[in-house]
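Notes to accompany the following structure.
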Amino acid sequence: MDTSRGFLLLTYKLYGYFNNKVSGVVKSNCINVYLSLMKYAWKTNGYKCAIRYSTIVKDTGCSKMTIRRTINTLNKLNIISVKRLPSANEYQINTNFLRFEGVSKLNTHSSKGGIKLNTHYDKGGIKLNSINRTINIYNNNRSSSKVDEIISANMGDQNNIINKLSELDLDDLKSDTNNVYYCKLAIERKEDLAREKNTNFVHPNKIINELTKIKKLSNPRYREKVEYNKRNNLDYKGRPKK
């Protein structure tokens, strides 16, 4: 595996989300397992990875049962989605909790560890190396999109997020690179709705009525009653027809 990535992504946004949703050992296990998944889920593969429980056990030191419970918790919190494969699970990281991941060239004076840093200062007089400056520039220039606004307004309610996003234009969903996970689900929902709209289908109530009618006609006593009413010119309630 390529080990040139020198860090694992755990944003303040996700850390705060963990604080609001879980606590204690559960929180610790969630962070531990999440970082294990991020070890294999890279930006280049769409933040997906297919690994076995045994791999996560080796990374975290947690038991297989703890891993299973923690994966279920992360899935319920919409931090990841899980797809079962024949010999492993495929995990998709919710990119709404991620931020810009890039590699910058470090090219001036050396730090104590021998790493070259390009030192600058922000407006507050705080020293910034080139990686921090790259992230700051990205965050300052990044404008809030319709997708961001919908996700922020409905945080914690994935179904409502997907429903709202599916109402946006397809071009808006495809062009958004900050919320790939949600946009993918919204596009799928949009396609499902389009198929339902273009498909001729029988209303469920009509199907139920027909099944009820078949059930009645299969009853011998019901058929006898119908024949009796016909012979005696009676309505369905047994009253003489006018």
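The values are calculated or read from the model by the stated rules, or taken from the named source; none is laboratory data. Keep in mind the model is a prediction, meaning the values are calculated, not measured. Don't worry about glycine lacking a Cβ; one is built from the backbone with ideal geometry, like all the others, and counts go over all protein chains shown.
Miscellaneous remarks
- Inclusion of Lys64 among residues that are touching a residue at least 24 places away in the same chain (Cβ under 8 Å) and of a type in the set (Lys, Arg) is not warranted.
- Within the stretch 179-201, the set of residues being aromatic (Phe, Trp, Tyr) and either part of a helix (DSSP H, G or I) or at pLDDT 75 or above (or both) comprises Tyr181, Tyr182.
- Some residue of the stretch 78-99 being in contact with a Cys (Cβ under 6 Å, 6 or more places away or on another chain) and either crowded, with 19+ Cβ neighbours inside 10 Å or modelled with pLDDT under 95 (or both): yes
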